[in-house]
Amino acid sequence: MTKKQLALAVIERLKAQYPLAECTLDYEHAWQLLVEVRLAAQCTDARVNIVVQELFAKYPGVEALAAAEPEEIEAIVRPCGLGRSKARDISLCMRKLRDDFGGKVPDDFDALLSLPGVGRKSANLIMGDVFGKPAIVTDTHCIRLCNRIGLVEDEKDPKKVEMALWKIVPPEEGNDLCHRFVLHGRAVCDARRPNCAECCLREVCRTGKATAKP
């Protein structure tokens, strides 16, 4: 089986297992997702969803959040960890949106990368979830599962994993596949104790086949 064939098999099985593929961060506007993705670094989406309720209630738009001092933002987002650096990036990001983009989140990948605190993972998430464009979000779940399944070979660099997946995953499937990797990583393919016996991918995953009993 080629890697392209393997990718299609993985997509088919994960679609059946997780029909609804959605971002687990709660947002109504693109700028809110930008904020949440930054807060989600080394923090759970569940906690981010709680913390931003106060943040967005106090600062209900790009203009309001851009006008806030980083210390004011930090006081609210501190429970997400790394409060100072996250607050600084959020402040700079909102101010750049206000000053350079008229308060609108750009739908161009390179423009998104120009925003403070926005890397390839965040930019791809915005492109896929907000604008419905082809995207591949290589978070920790994606990288772990791709290595275990055999879609990449002992590769931990997020950009290299992303580039490898672009070659074998149909563009229209990339965004949803990465959401399903997150769901599957949390439910079955745990970082420390993967439950291969209950995995819908065990027949195509090299790790699952290696652990299968004869």
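Each value in this text was obtained by applying a stated rule to the coordinates, not by laboratory testing. A quick note: this is a predicted structure, and the numbers were derived from the prediction, not measured. Cβ placement follows ideal geometry from the backbone for every residue including glycine, while neighbour counts extend to all protein chains displayed.
Brief remarks on what is shown
- Subset of the range 93-102 [surrounded by 14 or more Cβ atoms within 10 Å (Cβ to Cβ) and over 20 Å from Leu25 (Cα atoms)]: Arg95, Lys96, Leu97, Arg98, Phe101
- Candidates Arg206, Arg193, Arg202, Arg180, filtered to the one that is more than 18 Å from Glu12 (Cα to Cα) and either in contact (Cβ under 8 Å) with a residue 60 or more places away in the chain or more than 20 Å from the chain's Cα centre (by Cα) (or both): Arg193
- Candidates Val51, Val35, Val10 - the one that is in contact with a Pro (Cβ under 9 Å, 6 or more places away or on another chain) and surrounded by 17 or more Cβ atoms within 10 Å (Cβ to Cβ): Val51
- Matching option when the condition is charged (D, E, K, R) and closer than 15 Å to Cys23 by Cα, among Arg206, Arg192, Arg180: Arg180
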